[in-house]
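What follows is a single structure, written as structure tokens, with notes after it.
The values are calculated or read from the model by the stated rules, or taken from the named source; none is laboratory data. What you see is a predicted model; the values in this text were computed from it and never measured. Note that each Cβ is placed from the backbone with ideal geometry, even for glycine, and that neighbours are counted across all protein chains shown.
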Amino acid sequence: MTDSIALGAEIPPGQHRRRTLLALLALGLAAAVPVVMAPTGRGAGASIDRCGIPHELIVLGAPLPQTARRLNAGQPLTIVALGSSSTEGVGATAPQFNYPSRLAAVLQARFPNVPIRVVNRGISGEMSQQMVARIERDVLAEKPDLVIWQLGTNSVLHDIDPATDVEVARRGIAMIKKAGADVLLMDLQYAPAVLVHPGYREMLHVLSGVARSEDVPLFHRFAAMRHWTEDGQMTVPVMLAIDRLHMSNASYDCLARQVARSIVLATRS
């Protein structure tokens, strides 16, 4: 498996579903397109989950005990999404299409009798240090049961030594744990604007190491997005906004669905 993206990929003739989805993206309607689509040709009648990823990417690697207790007891659940632009929702055509909004909808459908609140605390352009500086005010004040912390991409884009994020991440994790909430880390997005910075490989390694050493789960967003493109489930124009960096309505929706699946699996283990 390579780290390359076909930057100039064209949509093959006859793939009308892909053409239709691109048109809907332009209208801001991609979130209304079903992610389960019927294939043509041999095997027609089966379905393909366009958001699907390998099972090993759904497994988070550590439990979510507070989240599990709340869901299993049918008690209200509060999730805070902390991060930068891809948490705020840059690239989505409306706030309801960003990943925290879609995560709230997917989880609420899965647990209709449990009040679920997902608070979006993403601020575009922020570094990890800036996020940690506002954890007390913007995150813990919401009394979260689970904090999903998306970090690392902006450090890569600014060619900052990934090692500098290690202590910052550990400090933030400690603050969240001390408040009694679960922590779920989320790594980089897979995009051309990220891949041109060689530090992305080390950042992925660093975040994985922090998750293991701090015994917190990690959602491998980079690997999930790479799978979508390399397995032919999404073309780059479908997966990313026009800037070739931020996610689109379609990929934010898929991200939310897979994060939700990971959360459900972690609360059952």
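Answer yes if at least one residue in region 141-156 is part of a loop (DSSP other than H, G, I, E, B) and over 20 Å from the mean Cα position of the chain (by Cα), and no otherwise. Yes, there is a match, as at least one residue in region 141-156 is part of a loop (DSSP other than H, G, I, E, B) and over 20 Å from the mean Cα position of the chain (by Cα). Taken over region 179-214, the criterion of being of a type in the set (Val, Ile, Thr), outside any helix (DSSP H, G or I) and farther than 18 Å from Ile58 by Cα is satisfied by Val196 alone. Residue count for region 234-248 satisfying the condition of being more than 12 Å from the chain's Cα centre (by Cα), in contact (Cβ under 8 Å) with a residue 40 or more places away in the chain and not in a loop (DSSP other than H, G, I, E, B): 4.
Considered as a group, the residues in region 59-98 that are on the phi > 0 side of the Ramachandran plot and surrounded by fewer than 19 Cβ atoms within 10 Å (Cβ to Cβ) include one that is modelled with the lowest pLDDT, and that residue is Gly61. Every listed requirement among (1) of a type in the set (Val, Ile, Thr); (2) over 26 Å from Val168 (Cβ atoms); (3) over 17 Å from the mean Cα position of the chain (by Cα) is met by Val206 save one, (2). Each residue in region 180-198 was checked for being over 20 Å from the mean Cα position of the chain (by Cα) and either more than 21 Å from Ser213 (Cα to Cα) or surrounded by 15 or more Cβ atoms within 10 Å (Cβ to Cβ) (or both), and 3 pass. The single condition among (1) at pLDDT below 95; (2) farther than 12 Å from Val206 by Cα that Pro162 does not meet is (2). For region 131-148, the count of residues that are within 18 Å of Met225 (Cα to Cα) and either of a type in the set (A, V, I, L, M) or modelled with pLDDT of 95 or more (or both) is nonzero. Looking across region 60-119 at every residue that is among the small types (Gly, Ala, Ser) and assigned to a strand (DSSP E or B), the one that is farthest from Thr153 (Cα to Cα) is identified as Ala81. If you check Arg226 against the conditions, is it surrounded by fewer than 23 Cβ atoms within 10 Å (Cβ to Cβ), under 13 Å from the mean Cα position of the chain (by Cα) and over 14 Å from Gly152 (Cβ atoms)? So Arg226 fits the description; yes. Scanning region 158-178 for residues that are surrounded by 16 or more Cβ atoms within 10 Å (Cβ to Cβ) and not in a helix (DSSP H, G or I) turns up Ile160, Pro162. Checking the structure you have, find out if any residue of region 218-226 is at negative phi and of a type in the set (D, E, K, R). Scanning region 218-226, I find at least one residue that is at negative phi and of a type in the set (D, E, K, R), so the answer is yes.
Residue pairs whose Cβ atoms lie under 6 Å apart, sitting 6 or more positions apart in sequence or on different chains, and linking a residue in region 179-195 that is within 17 Å of Ser262 (Cβ to Cβ) and without any contact (Cβ under 8 Å) to a residue 40 or more places away in the chain to a partner that is outside any loop (DSSP other than H, G, I, E, B) and of a type in the set (Lys, Arg), are Asp187/Arg221.
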